[in-house]
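The values are calculated or read from the model by the stated rules, or taken from the named source; none is laboratory data. None of the values given here were measured: they were computed from a predicted structure. Neighbour counts are summed over all protein chains in view; Cβ atoms, including those assigned to glycine, are modelled from backbone coordinates with ideal geometry. The accessibility values were calculated without ligands, DNA or RNA, using every heavy atom of the protein model including side chains. Shrake-Rupley method; radii C 1.70, N 1.55, O 1.52, S 1.80 Å.
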Amino acid sequence: MTTVSQKNTIKFTALFLIVNMMFLFLHTDVAMAYSNIHPEKIIELVNKERINNNSQSLRINKQLMEAANNKAKYLIDNNIFEHNSNNKKFSDWVKEVDYDYSFIGENLAENFKNSETAVNAWLNSPSHKENMLNNNFTETGVAVIQKNNRIIVVQIFGRPISKQLPIEKTIKNHISENILKIDAKYKIQIVSNLS
């Protein structure tokens with residue numbers, strides 16, 4: 001015969017298992033999303049678009065990878081999502097890793113399920129697309145950071161100082177800072193477009 005204590009233990013165990021299963025089910029999207037977003041794949045997809053648009057492929061730059069990683073960690077750790085914060089410009093992250101540039105740009109994305117959807121969202125935003133396809137850029141660095149229920153993607157585009165551009169080309173082809181965010185209903189929002 002089962003006692004009241006044994007019945008309560010069985011009920012508690014069943015409830016515990018149900019709650020844990022629900023937690024895993026609800027957080028599977030983020031865990032799966034993170035496993036499907038990779039810096040290498042972002043770079044591959046961006047370079048494919050550049051080639052399709054008669055632009056040269058971007059080379060991976062170790063310093064830009066470090067700057068992107070530092071920026072992504074900062075955004076995650078401080079629960080923010082913006083190019084410039086606390087009087088720090090996005091270009092400061094690049095300067096901190098001693099990357100001397102003649103041209104610099106940045107794209108951000110948050111909470112995309114995979115590399116393809118993040119890159120496609122950038123392609124559907126004129127200012128993000130401009131950064132991706134801009135011939136002034138020759139190098140890139142990408143970071144993907146996940147913490148709790150957030151996934152941050154930072155792509156930094158650069159041109160080293162050793163490959164300076166004529167001033168009129170630099171001014172005509174300005175760089176925009178762009179932020180894309182995907183909301184809970186998977187709608188893409190342009191959060192800012194700073195030119």
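With (1) at pLDDT below 95; (2) more than 11 Å from the chain's Cα centre (by Cα); (3) surrounded by 19 or more Cβ atoms within 10 Å (Cβ to Cβ) as the list, and P166 as the residue in question, which single condition is left unmet?
Only one criterion is unmet by P166, namely (3).
Of these, N173, N131, which one is modelled with pLDDT under 90 and on the phi < 0 side of the Ramachandran plot?
Unique residue meeting the criteria: N173.
I need the full set of residues from segment 98-131 which are within 22 Å of E40 (Cβ to Cβ) and touching a Gly at 6+ places or on another chain (Cβ under 9 Å), in order please.
Y99, I104, G105, N131
Filter segment 56-69 for residues that are crowded, with 16+ Cβ neighbours inside 10 Å and either modelled with pLDDT under 95 or in a helix (DSSP H, G or I) (or both) and give the result.
Hits for segment 56-69 are Q63, L64, M65, E66, A67, A68, N69.
Would you check which residues across segment 82-128 are closer than 19 Å to E66 by Cβ, modelled with pLDDT of 90 or more and hydroxyl-bearing (S, T, Y) and list them?
Correct list: Y99 only.
Conditions (1) open to solvent by less than 30 Å² (accessible area, probe 1.4 Å); (2) among the charged types (D, E, K, R), marked per residue:
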residue	(1), (2)
I80	no, no
K89	no, yes
E116	no, yes
N131	yes, no
V142	yes, no
N148	no, no
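Can you tell me which condition Y101 does not meet? The list is (1) open to solvent by less than 30 Å² (accessible area, probe 1.4 Å); (2) touching a strand residue (DSSP E or B) at 6+ places or on another chain (Cβ under 7 Å), and all the others hold.
(1)
Restricting attention to segment 70-120, and to residues there that are assigned to a helix (DSSP H, G or I), basic (K, R) and in contact (Cβ under 8 Å) with a residue 24 or more places away in the chain, which single residue is nearest to N36 (Cα to Cα)?
Ranking the candidates gives K73 first.
Applying the selection to segment 129-149, what residues are under 16 Å from A68 (Cα atoms), touching a Lys or Arg at 6+ places or on another chain (Cβ under 8 Å) and part of a helix (DSSP H, G or I)?
M132
Considering only segment 46-55, state which residues are open to solvent by 10 Å² or more (accessible area, probe 1.4 Å) and either within 20 Å of N111 (Cβ to Cβ) or of a type outside the set (A, V, I, L, M) (or both).
N47, K48, E49, N52, N53, N54, S55
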